[in-house]
Amino acid sequence: MPFYVKRGSIPLKRHTQFKKSDGSLYREELVSRQGFSDIYSNLYHIHMPTEVSSVGDLQSLTLTSWEKPHRHHHLRTAQTKSDGDAISARVPLFFNSDVLFAKGHVNDSMSHFYRNGNADEVLFIHRGTGTLKSNLGQLDFHAGDYIVIPRGVIWQMDINEPCCILVIETAGPVKTPDRYRNQNGQLLEHSPFCERDIRVPKFIEPIDEDGEFRVDVKLSRGIQTYFYKHHPFDVVGWDGYYFPWIFNINDFEPITGRIHQPPPVHQTFQAPGLVICSFVPRLFDYHPEAIPAPYAHSNVDSDEILYYVEGEFMSRKGIEEESITYHPMGLPHGPQPGKMEESIGAKATTELAVMVDTFKPLRLTEACESIDDADYPLSWL
């Protein structure tokens, strides 16, 4: 994140003695990105963060592609068969070397801890409430929240109300768009949101417990289980730029114009190989001859994923909440028959949707086959 946060108790000077009341030392841990050349935070533990009591099993993770013709897809992800906690409920749907998309219907709180050592994560909360607990504090979440969890954070999720979650795992850091930040990292005046809209972790009192605490670490080849000797949330304080954070889609202030604005005005985040955009309720174009519905588009360098959250989707027919449309590069896409004419004269839209454009082709998993609308590619006739 492009701003500094401090929580709990920390010494006046980093890398110096920080003593407990009995004279022993708190244990400093530097968590850094891109080696030592990007953002970082310094954490201060009651115990050594390296104390692993035993190493458990490695659970292999294999993604199997659904080998299908190159075409447009409409997935009815409300039909995905999943339940469990925020990890076990995930059903992978799309992937390439930069990103993995999954969907989860989450009913259970986590009894163990999780650390993604392979990717950053964006969890979009379609429905439900709960709390993300981490070694850097806790964040309460609700519908519409994007929870951004940097690679390496140790966390677990408590569920208050059952959650519907879209998961986006990225190969590199998730950031706010470059064009909305100044040279010092501050969001600019014309940005559709600002730092006031971002929620950062609340400090929680350190947990000083001995025992056997299971931490599952996701790696490129699977999930490795470790057992820690001490509770991983034993942090008495930390400071820096590295931490999980939340932005709610309803705090995105839409940019509109006299004629139809292109999708980049909806951009919310960026990561290597992709952008994430938020389509929110907004006024339509106000040129006297405006056509509010989008034009047909051949995005020759990107695959497009659109996840439909709620409202009236003015350019599509047959779409429902939790639908995903996938428009791959190599084919044009656009409004379905009658939708352009139907939009003329409309003043506003209530649609809420998340869009991701990837700059490498995506592959669909086998889980997509049973929820795919096979007639969708012909819906422009």
Take the conditions polar (S, T, N, Q) and under 30 Å from H45 (Cβ atoms) and apply them to Q224. Does it pass? yes
Of the residues S97, S21, S32, which single one is among the small types (G, A, S) and in the same structural domain as L136 (by TED's automatic domain parsing)? S97
L283: passes all of (1) over 24 Å from V122 (Cα atoms); (2) buried (at least 19 other Cβ atoms within 10 Å of the Cβ) but (2)
Of the residues in the range 42-87 that are among the β-branched types (V, I, T) and out of contact with any Pro (no Cβ under 7 Å at 6 or more places or on another chain), the one that is farthest from I223 (Cα to Cα) is T77
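Looking at the range 99-172, what strands (runs of 3 or more DSSP E) fall wholly within it and have at least 3 residues that are farther than 23 Å from D251 by Cα?
Passing ranges, in order: 99-106, 113-116, 154-170.
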Of the residues S302, S323, S298, S315, only one is farther than 15 Å from F193 by Cβ and either out of contact with any Ser or Thr (no Cβ under 9 Å at 6 or more places or on another chain) or not assigned by TED's automatic domain parsing to the domain that holds L362 (or both); which? S298
Output the number of residues of the range 56-86 satisfying the condition of being assigned to a strand (DSSP E or B), within 25 Å of D158 (Cα to Cα) and not acidic (D, E). 3
Give the residue that is surrounded by the fewest Cβ atoms within 10 Å (Cβ to Cβ), with candidates limited to residues of the range 179-203 that are closer than 26 Å to Q34 by Cβ and out of contact with any strand residue (DSSP E or B) (no Cβ under 7 Å at 6 or more places or on another chain). Q183
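Condition check ((1) surrounded by fewer than 16 Cβ atoms within 10 Å (Cβ to Cβ); (2) more than 24 Å from L93 (Cα to Cα)) across all residues:
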{"position": "E212", "(1), (2)": "yes, yes"}
{"position": "F227", "(1), (2)": "yes, yes"}
{"position": "P264", "(1), (2)": "yes, yes"}
{"position": "C277", "(1), (2)": "no, no"}
{"position": "A293", "(1), (2)": "no, yes"}
{"position": "N299", "(1), (2)": "no, no"}
{"position": "S315", "(1), (2)": "no, no"}
Condition set of a type in the set (D, E, K, R) and assigned to a strand (DSSP E or B), scope the range 200-249, selection nearest to A119 (Cα to Cα): answer is K218
Taking the condition in contact with a His (Cβ under 8 Å, 6 or more places away or on another chain) and outside the structural domain of G128 (by TED's automatic domain parsing), does I276 pass? no
Here are T225, T256: which of them is in contact with a Gly (Cβ under 8 Å, 6 or more places away or on another chain) and β-branched (V, I, T)? T225
Among (1) among the acidic types (D, E); (2) more than 25 Å from P192 (Cα to Cα); (3) at pLDDT 95 or above, E342 falls short only on (3)
Could you check the range 304-337 and list, in sequence order, the residues that are under 23 Å from the mean Cα position of the chain (by Cα) and farther than 19 Å from L378 by Cα? Y307, Y308, V309, E310, G311, E321, E322
Taking first residues from the range 122-133 that are in contact (Cβ under 8 Å) with a residue 60 or more places away in the chain and under 13 Å from Q156 (Cα atoms) and second residues anywhere that are in a strand (DSSP E or B) and of a type in the set (A, V, I, L, M), the pairs with Cβ under 8 Å that are 6 or more apart or on different chains are L132/L139; L132/I147; L132/I149; L132/M157; K133/M157
For the range 246-266, does any single residue satisfy the condition of being modelled with pLDDT of 95 or more and under 30 Å from R27 (Cβ atoms)? yes
On the basis of being farther than 30 Å from L58 by Cα, of a type in the set (F, W, Y) and modelled with pLDDT of 95 or more, does F213 make the cut? no
By residue number, the members of the range 1-55 that are surrounded by 13 or more Cβ atoms within 10 Å (Cβ to Cβ), over 31 Å from the mean Cα position of the chain (by Cα) and among the small types (G, A, S) are S53
Residues (more than 17 Å from F18 (Cβ to Cβ), in a loop (DSSP other than H, G, I, E, B) and of a type outside the set (K, R)) located in the range 28-49: Q34, G35, F36, S37, D38, I39
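The values are calculated or read from the model by the stated rules, or taken from the named source; none is laboratory data. In this text, all values refer to a predicted model and were calculated from it rather than measured experimentally. Backbone-built Cβ (ideal geometry, glycine too); neighbour counts: all protein chains shown.
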